[in-house]
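The structure appears below as structure tokens.
Only the coordinates and a few stated rules stand behind these numbers; no lab work does. The model shown is predicted, which means the values in this text are computed figures rather than measured ones. Positions of Cβ are backbone-derived with ideal geometry, glycine not excepted, and every protein chain shown enters the neighbour counts.
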Amino acid sequence: MTLIESARLVRENAHAPYSKFKVGAALRASSGLVYHGCNVENVAYPEGTCAEAGAIAAMIAGGDTAIAEIAVIADSPKPVSPCGGCRQKIAEFATGDVKVVLATLDGVVHETTVAALLPGSFDAEYMSRV
Ligand code: THU
């Protein structure tokens, strides 16, 4: 199964009663294991979490720390774009050349990279004097 197919399946489990916008994410870690996440909204809106955040949390809980590839899917008119916060979360565990596959339910796919999604990202090097 491809990462997009995995993301499509887990998207069905999203808890999105407020936005009605279900998102699924699947990532392959450097170990080869695949981790899944979906958005989990909350009646206190800011407490909701994105699909990417869920997949990353699952990866860390599973004992992996490096993303080799990540895919995100939603029922959007064009391939879904990870929010700024999720771009930063992905960058925490991925090198810039890591492939990011963004897709619609209709089958439109856009392939990009972590570096392209988050140019000039804040990273640990900026804290090297601390
Ligand atoms: N959302 C994600 O889970 N990932 C994205 O990449 C974009 C947005 C969620 C957050 C919220 O539950 C809903 O989509 C609408 O913003």
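For the reader, a short list of remarks on this structure follows.
- For the chain, the share of alpha carbon pairs falling in successive 5 Å distance bins from zero is 2, 12, 22, 24, 20, 12, 6, 2, 1, 0 percent.
- The chymotrypsin sites (Phe, Trp or Tyr not before Pro) of the range 37-130 that DSSP puts in a loop, and whose beta carbon has at most 15 other beta carbons within 10 Å, are Phe122.
- 0 to 90° range, to nearest 10: angle between helix 51-61 axis and the chain longest Cα axis: 60 degrees
- Percentage relative contact order, the chain, counting C-alpha pairs under 8 Å, at least six apart: 20 percent
- Selection of trypsin sites (Lys or Arg not before Pro), the range 42-123, meeting DSSP coil and at most 10 other Cβ within 10 Å: none
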